[in-house]
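Report on the structure given below.
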Amino acid sequence: MNYREFLIYLNAIGLDNSQIIKIEEFIISEKIDYRNFLDANFVKSVSKNFSKQLIGKLINYKPELLEKLYDYTIKNDISIFTSEDIFYPKNLLNIIDYPRVLYVKGNLTDGDNNSIAIVGARNNSDYGRCVVDYIVDLLSDYEISIVSGLAYGIDGLAHKRALKNNMKTIAVLGSGVDVIYPIKNKKLYYDIVENGAVVSEYPPTSSPIAYRFPLRNRIISGLSLGVIVVEAKAKSGSLITARLAAEQGREVFAVPGNINSQYSEGTNLLIRDGAKIFTSIDDLLDLIPQIKSKNTGIKNVDLDLGEDENRVLNEIKNGITDINLISINIGEDISYVSSILTVLELKDIIIISGNNILLNIK
């Protein structure tokens, strides 16, 4: 058994990443052969250095376990990467607690080293949806992949918009890569496998246990050059991702929101505490020079609008600039119209000055 197989074996018997790291540190500090950990007598002799749970998993070496794992991954088109492999994601190697073993369903390439993570609330507002569409549409002109967590809300919206723009997208799971969670994102899961990658540090068939989701957040940020938090409550898993990103030396951006919205509490707090404010693509490009345009010369912003954006814009073109009248005319709530107006302003299509709405296009 080589060292690569040793790491996979430790992962396969259920050791979490922190336990594998502890074994690695012991091997280095004591200058011993890693294969000693496959011997029951040796494991017993060093048991005082490890937890009973860890020792219990190590004590009975089962060589057939690797063969079963390899057979399963081959049958289910799952790739296994370890930190020993040259194709292991380079960005991840730059974080302290990088996963020693990574399972991938789909396709990871060197181009995925230029990735941006987009995360946020599971119960997003209309404003959040519009902002995700706006950000991903702009990023589609650049050679990057979109990383998120396949969760409800902002995560799922980011994946879907990336796919709509024919962009590569990567989903990081808190379960095995063959366990779809949440199950309602089943179609999205298969679309991502077909056009990107689903990754996890947990062995195939692993269940989506609650404690695994905060741990997977370090992989979302670790795979990326920067993290954009679109919407988040004051206590949110997205804020964990933002904190981990900052600790990893990644750029952290937060989209400002209405101070009266619970979904903007977290993002506004991030800005208050030092996160970069995201108001345009230039905010990102100024701090992450690795992101390159797909086009030569000056970037042309895509002003292709959605159906509701066009309906609101047509009202303005017809001289209707009162938000209440626009809301009545198109049959939508004022809050929804307000979110669309914000996006149109972000796209430089309109200018909002006090109670006036001015067109900024011909």
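Scanning region 226-244 for residues that are touching a residue at least 12 places away in the same chain (Cβ under 8 Å) and in a helix (DSSP H, G or I) gives Gly237, Ser238, Leu239, Ile240, Thr241, Ala242, Leu244.
When Val131, Val147, Val177 are checked against the criterion of being more than 23 Å from Ala242 (Cα to Cα), within 19 Å of the chain's Cα centre (by Cα) and buried (at least 21 other Cβ atoms within 10 Å of the Cβ), a single residue qualifies: Val177. Taking the numbered list (1) free of Cβ contacts under 8 Å to residues at least 60 places away in the same chain; (2) crowded, with 22+ Cβ neighbours inside 10 Å in turn, Lys164 passes all entries but (2).
When Val179 is tested against (1) closer than 18 Å to Ala232 by Cβ; (2) modelled with pLDDT of 95 or more, just one condition goes unmet, and that condition is (1).
The single residue among Ile32, Ile27, Ile55, Ile74 that is outside any helix (DSSP H, G or I), without any contact (Cβ under 8 Å) to a residue 24 or more places away in the chain and aliphatic (A, V, I, L, M) turns out to be Ile32. Annotation note: of Ile281, Ile219, the sole residue that is in contact with a helix residue (DSSP H, G or I) (Cβ under 6 Å, 6 or more places away or on another chain) and surrounded by 19 or more Cβ atoms within 10 Å (Cβ to Cβ) is Ile281. Which residues, counting only those in region 250-262, are in contact (Cβ under 8 Å) with a residue 12 or more places away in the chain and more than 18 Å from Ser148 (Cα to Cα)? Matches in region 250-262: Pro256, Gly257, Asn258, Ser261, Gln262.
Does Val198 qualify as being part of a strand (DSSP E or B), touching a Phe, Trp or Tyr at 6+ places or on another chain (Cβ under 7 Å) and in contact (Cβ under 8 Å) with a residue 40 or more places away in the chain? Before you say what the answer is, go through the steps one by one.
Working: part of a strand (DSSP E or B): yes; touching a Phe, Trp or Tyr at 6+ places or on another chain (Cβ under 7 Å): yes; in contact (Cβ under 8 Å) with a residue 40 or more places away in the chain: yes.
Considered against the rule, which asks whether it is part of a strand (DSSP E or B), touching a Phe, Trp or Tyr at 6+ places or on another chain (Cβ under 7 Å) and in contact (Cβ under 8 Å) with a residue 40 or more places away in the chain, Val198 comes out as yes.
Looking across region 168-191, the residues that are more than 16 Å from Val101 (Cα to Cα), of a type outside the set (Phe, Trp, Tyr) and either in a loop (DSSP other than H, G, I, E, B) or not assigned by TED's automatic domain parsing to the domain that holds Ser140 (or both) come down to Lys168, Val179, Ile180, Pro182. Residue count for region 35-52, restricted to those that are surrounded by fewer than 16 Cβ atoms within 10 Å (Cβ to Cβ) and either part of a loop (DSSP other than H, G, I, E, B) or of a type in the set (A, V, I, L, M, F, W, C) (or both): 4.
Exactly one residue among Ile220, Ile259 is of a type in the set (Val, Ile, Thr) and in a loop (DSSP other than H, G, I, E, B), and that residue is Ile259.
The values are calculated or read from the model by the stated rules, or taken from the named source; none is laboratory data. Model, not experiment: these values are computed from the prediction. Neighbour counts run over all protein chains shown; Cβ positions are idealised from the backbone, glycine included.
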